[in-house]
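Step one of this worksheet: look at the structure below.
The values are calculated or read from the model by the stated rules, or taken from the named source; none is laboratory data. No experiment lies behind these values; they were computed from the predicted model shown. Cβ sites come from the backbone with ideal geometry, for glycine too, and all protein chains shown count toward neighbours.
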Amino acid sequence: MLLFMKLILVLIINIFLSIIFGLLLIPYLKKKKSNQTISIYLRDKHNSKSNTPTMGGLIFIIPPLITILFLCLFNKINISYNFIIVIVTFIGYGIIGFIDDYKIIKEKDNRGLSESMKLFLQIILATFIFYLFLKGNNEPLIWIHTLSIKINIGWIYGIFLLIILTSSSNAVNITDGLDGLVGGLSIIALLSIGIITINTGWLEGYIEIAYIIFSIIGSLIGFLFYNSYPAKIFMGDTGSLALGSIMGILCILTRHELLLVIIGIVFVIETITCIIQRIYYKLTHKRIFPMTPIHHTFEKILPEYEVVKIFWLVGLIGSLISLLFGVWL
């Protein structure tokens, strides 16, 4: 119960920290004209968002880091390899996203970093994370808890880790397209992952990792104060890559990698429909869906905020199902 109260306190502190930080950051980004370039395919509906600044992910990246630094300085948490892995992943993918956003803003072009360069940076980072993973005496296991199955796959787990981190970070990045959509889905997903983490007492540093998770959840709630419809700021790749990667690494450390598919069911659906659309278009030069990511198809028939609510509900159902497997079974 004491741990639960501490986590709630950390969450509340980060709500206020992120709101205060947002009050300072948004005017600065507007002054620097750090606006998101709107795709030509979306200008009929999203043209009013052309003056909305991006890089808002800093609002939920910096406050949790300040909180964790404060706890470290006052010896309130113990630093383990797993703790370092989570921090390195969160910051590392956030930096990759920041570079991408900066390039988009500077060149006034939505392309940003090339796919090959982004993948190269992610491979470098994932390799370092896998090194830390092994240094922390983590075994390279595929562990299916419900069936009590453990499979040691050795160095191949490094490739598995790369695939999870790359897939999860890019899936969240793809989903980020409507006001409040990814922010709300991430709160729901991280809350279920946080509950699972609290129940992994065998994991070294699990309490400290829970502090990180609830700090981010609190900051995301504060971020939604500015990002919910109509958005005053977008999270950009800075935020989406950081969020996706930390969901991936948390499921890796708690040995619930396969459960990530259910926890992030909306992200999975968004990604799969994009892949199907791209493959089908290359083969036939026709489209299966009116527009992808799929939330833009829904946006053609429903108001933006209604689409967001529906997707939040689907994400909530997925997260509740994941808790059934992740905590009870």
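Take the residues in segment 108-141 that are among the aliphatic types (A, V, I, L, M) and under 20 Å from Y81 (Cβ atoms); name whichever of them is surrounded by the fewest Cβ atoms within 10 Å (Cβ to Cβ). First the steps, then the outcome.
Our first condition is that a residue be among the aliphatic types (A, V, I, L, M); within segment 108-141, this holds for 113, 117, 119, 121, 123-126, 129, 132, 134, 141.
Pick out the ones that are also under 20 Å from Y81 (Cβ atoms) and you get 124-126, 129, 132, 134, 141.
Working: I124: 12, L125: 21, A126: 25, I129: 24, L132: 15, L134: 14, L141: 15.
Only one residue tops the list, namely I124.
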Filter segment 277-297 down to the residues that are of a type in the set (A, V, I, L, M, F, W, C) and more than 22 Å from the chain's Cα centre (by Cα), then identify the one that is nearest to V182 (Cα to Cα).
M291
Among the candidates M235, M247, single out the residue that is surrounded by 24 or more Cβ atoms within 10 Å (Cβ to Cβ) and closer than 22 Å to G158 by Cα.
M247
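Just to be sure before I move on: is T166 assigned to a loop (DSSP other than H, G, I, E, B), under 14 Å from C251 (Cα atoms) and in contact (Cβ under 8 Å) with a residue 24 or more places away in the chain in the structure I sent? Let's see the steps before the verdict.
Numbers: assigned to a loop (DSSP other than H, G, I, E, B): no; under 14 Å from C251 (Cα atoms): yes; in contact (Cβ under 8 Å) with a residue 24 or more places away in the chain: yes.
Here the answer is no, as T166 does not meet what is asked.
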Since I301 meets every condition but one in (1) of a type in the set (V, I, T); (2) surrounded by fewer than 22 Cβ atoms within 10 Å (Cβ to Cβ); (3) touching a residue at least 24 places away in the same chain (Cβ under 8 Å), which condition does it not meet?
(3)
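With in contact (Cβ under 8 Å) with a residue 12 or more places away in the chain, surrounded by fewer than 21 Cβ atoms within 10 Å (Cβ to Cβ) and in contact with a Gly (Cβ under 9 Å, 6 or more places away or on another chain) as the only criterion, which of F267, F225 stands out?
Details: F267 fails: surrounded by fewer than 21 Cβ atoms within 10 Å (Cβ to Cβ).
Just one listed residue meets the conditions, F225.
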L178 versus (1) out of contact with any Gly (no Cβ under 9 Å at 6 or more places or on another chain); (2) modelled with pLDDT of 95 or more; (3) more than 20 Å from R255 (Cα to Cα): which is the lone unmet condition?
(2)
Report, ordered by the first and then the second residue, all pairs with beta carbons closer than 8 Å, sequence separation of six or more or different chains, a first member in segment 277-288 that is part of a loop (DSSP other than H, G, I, E, B), and a second member that is surrounded by 11 or more Cβ atoms within 10 Å (Cβ to Cβ).
K286/Y280; R287/Q277; R287/Y280; R287/Y281; I288/I276; I288/Q277; I288/Y280
Could you tell me how many of the residues in segment 1-30 are at pLDDT below 95 and among the hydroxyl-bearing types (S, T, Y)?
1
When you check I104 against the structure, is it touching a Gly at 6+ places or on another chain (Cβ under 7 Å), at pLDDT 85 or above, closer than 15 Å to M55 by Cα and part of a helix (DSSP H, G or I), yes or no?
yes
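Are any residues in segment 108-122 part of a loop (DSSP other than H, G, I, E, B) and either touching a residue at least 40 places away in the same chain (Cβ under 8 Å) or touching a Lys or Arg at 6+ places or on another chain (Cβ under 9 Å) (or both), and if so, which ones?
Start the filter on segment 108-122 by keeping residues that are part of a loop (DSSP other than H, G, I, E, B), which leaves 108-114.
Answer for segment 108-122, where residues must be part of a loop (DSSP other than H, G, I, E, B) and either touching a residue at least 40 places away in the same chain (Cβ under 8 Å) or touching a Lys or Arg at 6+ places or on another chain (Cβ under 9 Å) (or both): K108, D109, N110, R111, G112, L113.
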